[in-house]
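Step one of this worksheet: look at the structure below.
The values are calculated or read from the model by the stated rules, or taken from the named source; none is laboratory data. Just so you know, these numbers come straight off a predicted model, no measurement behind them. Please note: Cβ atoms are built from the backbone with ideal geometry, for glycine as well, and neighbour counts cover all protein chains shown. Note: accessible area is taken over every heavy atom of the protein model, side chains too, but ligands, DNA and RNA are not part of it. Shrake-Rupley method; radii C 1.70, N 1.55, O 1.52, S 1.80 Å.
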Amino acid sequence: MGKINVEKVRNKHQMHDFIHVVDQIYKGCEQYVPDLVSDVKDILTAHQAGKQSAVLVQPFVAYMQNRPVGRIVGIVNKKANEKWKTKNVRFSMIEFIDDCEVAKALLDQVAQWGREQGMKKIHGPLGITDFDKEGMLVEDFQLLGSMNTIYNPEYYPKHLEALGFVKEVDWVQVRVDIPEAVPPKYQRVAQYDREQAGLRVIKVTDKDIVKGGYGRRIFNLLNEAYQPIFGFTSLSDDQVDGYVKKYLALVDKQLMPIIVNEKDEVVGVAICMGCMSEAMRKANGRLWPFGWYHLLKALKWKRADNAEMLLIAVRPDLQGLGVNALFFDDLIPVFNKYGFKWAETGPQLENNVRELTQWKPLHPQYVKRRRCYCKDL
């Protein structure tokens, strides 16, 4: 089909091509949910400018006959490699036309860049942090994507496997119908947690999040709870402040139950939103001139039929003790009030049995399997 050139993103023209190569790949795809252009730019420019010294980031664009046909980002997360005693280069934001040679050229470029940094293995798709999008979709391509997960065409994993990439880990998402009443098992366990363990659910305001310090307390809990999870490294104070300012402000606080103990310590949090997929599709990656309206409408006025359970975390010493029942006991009535018919979690590791079994009273479906691929350099 022609020579493939892979170039480092160094200027505005290349950044434009990096961002908009997805336009042709997903043209007419009803399942794809685009990222906000501003978010992609912010992530790449911040790290390329060296504001996050613990992470090296290099985006690339592939061209064929001067036309952009793919993209990829190489990431060396020094903190993750130090914590997990690895020498891994991550690939992220990979997109390519249905051509195995394009995929090979992109991955080879990241592999070579990784070798130059002293890396021994390439794996991904993984983000800069564990709160970024992770895992290549390998099943359920017919289902609508979401704003916090990767969607990709069915040919992506086929080409990676043809290039010798193998499974490292898989994630699945849990989908449940919202019952009209809280299941008795959750009611019983929640009552025990309140009476015997001294735990209770609170709701906070935007002022509490910022000036009251609850934003920091929530992310300190996430850092603590997620320590054993594959590839995770703690967020820095600057990263925490960025997430608090950019994302927690958008969350309806009625959909964010916080569990505290008798000392008012934050020991659990669940962060949920109404599904934003259709609003994001209508915004088409742009807040202006009208994208903001579609997002605000979905957040405030005309909610979708389903909720997205973005994050759930419990302090390690309380995990496995039924604390999650307090979340369900609080959220199910709120979900019904808001008219949500069903809900879907974010990706959860398939071997996290403790996390997955908590959903049994709600008769879960396991959908949208995603995979982290790896290959030795």
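Please go through region 158-210 and give me each residue that is among the polar types (S, T, N, Q), surrounded by 14 or more Cβ atoms within 10 Å (Cβ to Cβ) and not in a helix (DSSP H, G or I), ordered by number.
Answer for region 158-210, where residues must be among the polar types (S, T, N, Q), surrounded by 14 or more Cβ atoms within 10 Å (Cβ to Cβ) and not in a helix (DSSP H, G or I): just GLN173.
Output the number of residues of region 224-243 satisfying the condition of being open to solvent by 20 Å² or more (accessible area, probe 1.4 Å) and in a helix (DSSP H, G or I).
7
Give the residue, chosen from LEU287, LEU299, that is touching a Ser or Thr at 6+ places or on another chain (Cβ under 8 Å), surrounded by fewer than 19 Cβ atoms within 10 Å (Cβ to Cβ) and modelled with pLDDT under 95.
It is LEU287.
Among the residues of region 121-137, write down those that are open to solvent by 30 Å² or more (accessible area, probe 1.4 Å) and of a type outside the set (Asp, Glu).
Those that are open to solvent by 30 Å² or more (accessible area, probe 1.4 Å) and of a type outside the set (Asp, Glu): LYS121, PHE131, LYS133.
What are the residues in region 240-255 that are within 17 Å of the chain's Cα centre (by Cα) and of a type in the set (A, V, I, L, M, F, W, C), if any?
Across region 240-255, the qualifying residues are VAL240, VAL244, LEU248, LEU250, VAL251.
Provide a single number: the residues in region 321-354 that are more than 23 Å from GLN196 (Cβ to Cβ), buried (at least 19 other Cβ atoms within 10 Å of the Cβ) and of a type in the set (Asp, Glu).
Summing the residues that are more than 23 Å from GLN196 (Cβ to Cβ), buried (at least 19 other Cβ atoms within 10 Å of the Cβ) and of a type in the set (Asp, Glu) in region 321-354 gives 1.
What is the residue count in region 115-157 for residues that are among the small types (Gly, Ala, Ser) and not in a loop (DSSP other than H, G, I, E, B)?
Within region 115-157, residues that are among the small types (Gly, Ala, Ser) and not in a loop (DSSP other than H, G, I, E, B) number 1.
For region 176-195, check the following and say yes or no: at least one residue is under 30 Å from GLY124 (Cα atoms) and not aromatic (Phe, Trp, Tyr).
Yes, the conditions are met somewhere in region 176-195.
Would you check if there is a residue in region 269-278 being at pLDDT 80 or above and in a helix (DSSP H, G or I)?
So far as region 269-278 goes, yes, one or more of its residues are at pLDDT 80 or above and in a helix (DSSP H, G or I).
Identify, from the list VAL61, VAL69, the residue that is out of contact with any Pro (no Cβ under 6 Å at 6 or more places or on another chain) and either modelled with pLDDT of 95 or more or surrounded by fewer than 20 Cβ atoms within 10 Å (Cβ to Cβ) (or both).
When all the criteria are applied, what remains is VAL69.
Among the residues of region 1-20, write down those that are open to solvent by less than 30 Å² (accessible area, probe 1.4 Å) and of a type outside the set (A, V, I, L, M, F, W, C).
GLN14, ASP17
Among the residues of region 85-103, count how many are open to solvent by 20 Å² or more (accessible area, probe 1.4 Å), in contact with a His (Cβ under 7 Å, 6 or more places away or on another chain) and under 22 Å from ASP35 (Cα atoms).
0
Quick grid of which residues meet (1) hydrophobic (A, V, I, L, M, F, W, C); (2) open to solvent by less than 30 Å² (accessible area, probe 1.4 Å); (3) farther than 21 Å from ASN148 by Cβ; (4) within 19 Å of the chain's Cα centre (by Cα):
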site	(1), (2), (3), (4)
VAL22	yes, yes, no, yes
GLY28	no, no, yes, no
LEU44	yes, yes, no, yes
ILE75	yes, yes, no, yes
ALA105	yes, yes, yes, no
MET119	yes, yes, yes, no
